[in-house]
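Student: Submitted below is the structure of interest, expressed as structure tokens.
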Amino acid sequence: MSLLGKKFPTPIAKPLGPFFAAGLVVLYGVNSFGNLLMNTEEFKNDPRNPNLKNSKH
């Protein structure tokens, strides 16, 4: 017997699949936009930019 009571065959992953896919699309878009902004002229030489080579200030 289960500690939490009776088990029901409720599908969880199948109905939530489109939401997981939409979340991945949004995360990909945010990452792409962040990378695009890091390479603009305004932030290209910013010391906080991770793409900047490890040069001494």
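Student: Go through the stretch 1-28 and count every residue that is among the charged types (D, E, K, R) and at pLDDT 90 or above.
Tutor: Going residue by residue through the stretch 1-28, those that are among the charged types (D, E, K, R) are 6-7, 14.
So of that shortlist, the ones also at pLDDT 90 or above come out as 14.
Counting residues in the stretch 1-28 that are among the charged types (D, E, K, R) and at pLDDT 90 or above gives 1.
Student: Given (1) modelled with pLDDT under 95; (2) open to solvent by 50 Å² or more (accessible area, probe 1.4 Å); (3) closer than 19 Å to LEU52 by Cβ, identify the lone condition not met by ASN31.
Tutor: So the condition that ASN31 fails would be (1).
The values are calculated or read from the model by the stated rules, or taken from the named source; none is laboratory data. Keep in mind it's a predicted model, so treat the numbers as computed, not measured. Neighbour counts run over all protein chains shown; Cβ positions are idealised from the backbone, glycine included. Each accessible area value is taken on the protein alone, full model and side chains, heavy atoms only, with ligands, DNA and RNA left out. Shrake-Rupley method; radii C 1.70, N 1.55, O 1.52, S 1.80 Å.
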